[in-house]
Amino acid sequence: MIEKLLVLLHLQYVELIPDAEYQEFLHELFLQNPNNDLLLELEWTANDYTTTKMLIWEYIYSIGGYTENNIDFDVIGKFLVEQLKKIYHSGMDIHTFGAKVHRLWQTFPFINEREYDEPFFALCYADDPLSWGDEAQSREMYEEMFRFYD
C-alpha cells in the first residue's frame, strides 16, 4: 500500500499523472480501510505534497526505520515501471517524458539506497541520448526498463 502511494505521489509531483489519479487511488484505499489513521490523515492533506510526503515518511520511520523490511523495493519498482509504461505509451512526447522521468529519479526520497540499481537507474540515464538527437536509443532504454520485471 505505502509503496504504491509513494510512487503515485511522486508521479503526481513531477506532473506525469494528474493530481486526481493519486487522490482517487488514496480515496479507494481509504474506503477499503476506513479505520486506518494514516490514510485518514493523507485524505485530509491530499492537496499538499510536502505534508503528504512528510506523513508517509513519518509512517515509514515509525514502523522500524527506513529499511528493506518495511519498504518493498520490488513493489515500488514493478508499480513504477507499470505506471511509466502506461504514460510512455499514452503518446507523451519523448523529450517531455525523458525530462519528467529524470526529475522523478531526482525526487525519489527512497532512491538513495537503490539509485544505481535497475530499473531505478534507468530513470537517470535513459534520456541522455535525447541530448544528441538519438530518440531511438532512448526509446530502447525505456523499453528495456519496461521489461525489467518480465
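The values are calculated or read from the model by the stated rules, or taken from the named source; none is laboratory data. Treat the numbers as computed from the prediction; the structure is a model and nothing was measured. Positions of Cβ are backbone-derived with ideal geometry, glycine not excepted, and every protein chain shown enters the neighbour counts. When the accessible area is computed, the model is the full protein with side chains, heavy atoms only, and any ligands, DNA or RNA have been set aside. Shrake-Rupley method; radii C 1.70, N 1.55, O 1.52, S 1.80 Å.
Normalised per residue, the accessible area of the chain is 52 Å², obtained with a 1.4 Å probe and no contribution from ligands, DNA or RNA.
Remark: spin-label model distance TYR59-ARG147 equals 3.6 nm, labels positioned 7 Å along the Cα→Cβ axis. Name the aspartates and glutamates eligible as straight-distance cross-link partners of LYS85: C-alpha to C-alpha under 17 Å, and not fewer than 8 places from it in the same chain. Straight-distance partners of LYS85: GLU15, GLU21, ASP74, ASP93, GLU118, ASP127, GLU135, GLU140, GLU143, GLU144, ASP150.
Computed extension gain for ASP48 through TYR116, at 0.36 nm per residue and net of the alpha carbon distance, reaches 21.5 nm. With all protein chains in place and ligands, DNA and RNA left out, the 1.4 Å accessible area ranks THR52, THR96 as THR96, THR52, largest first.
For the chain, the share of accessible area belonging to carbon and sulfur comes to 48 percent (1.4 Å probe, ligands and nucleic acids excluded). Computed over the chain with a Gaussian network model linking Cα atoms closer than 10 Å, the most mobile of ARG114, ARG103, ARG139 is ARG114. Seen from ASN35, the other residues with C-beta closer than 13 Å to its C-beta sum to a net charge of -3, counting Lys and Arg as +1 and Asp and Glu as -1.
Other residues lying with their Cβ under 15 Å from the Cβ of HIS95 contribute a combined charge of -3, Lys and Arg counting +1, Asp and Glu -1. If the segment from LEU31 to THR96 were pulled out straight at 0.36 nm per residue, it would be longer than the present Cα-Cα gap by 20.0 nm.
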